[in-house]
1. Are any of the residues in region 250-259 exposed (fewer than 15 other Cβ atoms within 10 Å of the Cβ), assigned by TED's automatic domain parsing to the domain that holds residue 125, over 23 Å from the mean Cα position of the chain (by Cα) and outside any helix (DSSP H, G or I)?
2. With in contact with a Pro (Cβ under 9 Å, 6 or more places away or on another chain), in the same structural domain as residue 177 (by TED's automatic domain parsing) and within 29 Å of residue 277 (Cβ to Cβ) as the only criterion, which of 110, 123, 86 stands out?
3. Confirm whether residue 80 is buried (at least 21 other Cβ atoms within 10 Å of the Cβ) and free of Cβ contacts under 8 Å to residues at least 60 places away in the same chain.
4. How many residues does region 83-113 hold that are surrounded by fewer than 17 Cβ atoms within 10 Å (Cβ to Cβ) and closer than 16 Å to residue 15 by Cα?
5. Within the bounds of region 177-192, is there any residue that is touching a residue at least 12 places away in the same chain (Cβ under 8 Å), over 19 Å from residue 306 (Cα atoms) and of a type outside the set (Lys, Arg)?
6. If we keep just the residues of region 289-303 that are within 25 Å of residue 252 (Cβ to Cβ) and under 15 Å from the mean Cα position of the chain (by Cα), which is surrounded by the most Cβ atoms within 10 Å (Cβ to Cβ)?
7. In contact with a His (Cβ under 6 Å, 6 or more places away or on another chain) and surrounded by fewer than 19 Cβ atoms within 10 Å (Cβ to Cβ): is that true of residue 134 in this structure?
8. Which condition number does residue 84 fail, the rest of (1) outside any loop (DSSP other than H, G, I, E, B); (2) farther than 23 Å from residue 312 by Cα being met?
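The values are calculated or read from the model by the stated rules, or taken from the named source; none is laboratory data. Note that the coordinates shown come from a computational prediction; the quantities given were computed from them, not determined experimentally. Quick reminder, even Gly has a Cβ in these numbers, built from the backbone with ideal geometry, and neighbours come from all protein chains shown.
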Amino acid sequence: MKIGIIGYGYTGQQHARALEQIESASLAGVAETSPERRAECTVDSFDDYQALLDDPTIDAVTVCLPHSAHQPVASAALKAGKHVLVEKPLALTVKAGEQLCELAKRESLVLMVEMTHRFMPPVVEARELIADGLIGKVLAVDDLLLENVGLFGSLPSWMFQQAQAGGGVGLTSGVHLLDHVSWLTGQKLSLESACFGYSQGMGEVEDTAAFFLRLENGAPVHIALSWRPGGPGMEGELRIFGEKGTLEVRPWKGWKLLGTDENKENVAFSSRSTIAERALVGMRGALSEFVRAVEEGREPDPRPELALRSQRIIEQAYRVFPS
């Protein structure tokens, strides 16, 4: 299966590395406006993504562009007969994302959002522990993420511009956290309250965010996120409190089961590996699922509509609780 990458910044280059590790797929072309980045490619490269889409040998593309470009580029790719994997969020708005879902169905093509966390080993294993009933009924959830904006070579400038990003850390990282809480617990989330902060002056978008939600069983959920200019690269911990015990999950490290008859712990990554190397594991998992869905002629897991659930809550928070 031949795949093209549209956008060859940090994420696009990570997609290329992930494809190298998937036997049934190969990188066939790259579309990138920067001559310097195109010079780093070992395959055919184009300065116009339409030229890539016009190549009949390419079966699918991954879209690694500013959020505002996701919908128009993914739409063009679907109309060109290509299967599409889009970096989260699916589109700048939920409405635009819904239009992409409808177009993919009409064209009978696979459309998927790259939700890295669902393919991180600690998160996958934690979901199995919860499904097996090891912590019992979920009583409360607390999720925290602090991210150094220079972790992956510094965030691109467009991520701090409202028109191109659609939101700050609440959207960019919040999509992941809301999704993995819902996926791990097997329950939908509903919004109770939210707040956003701009204390670090990182541009037009929020650099801190907090969401207060509930699971379907009524259990409270607190999610807090922040970008920061310095400090450790990534600090994140998800704690799920159950009637039988507590599960602590660190997507980039491992998990720990506490308070049960049989306490358990698993470290999924070597301490010598970087955060980028660990994130690559999740990206490879997502790309592998995308490739399998295309080969098997089925919907991907997760379906793009599920990725929109979290974004719909975030849009509601922006609208109802503006800062």
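1. yes
2. 123
3. Spelling it out, it is not the case that residue 80 is buried (at least 21 other Cβ atoms within 10 Å of the Cβ) and free of Cβ contacts under 8 Å to residues at least 60 places away in the same chain.
4. 0
5. Yes, because at least one residue in region 177-192 is touching a residue at least 12 places away in the same chain (Cβ under 8 Å), over 19 Å from residue 306 (Cα atoms) and of a type outside the set (Lys, Arg).
6. Top of the filtered list is 290.
7. No: the conditions fail for residue 134.
8. (2)
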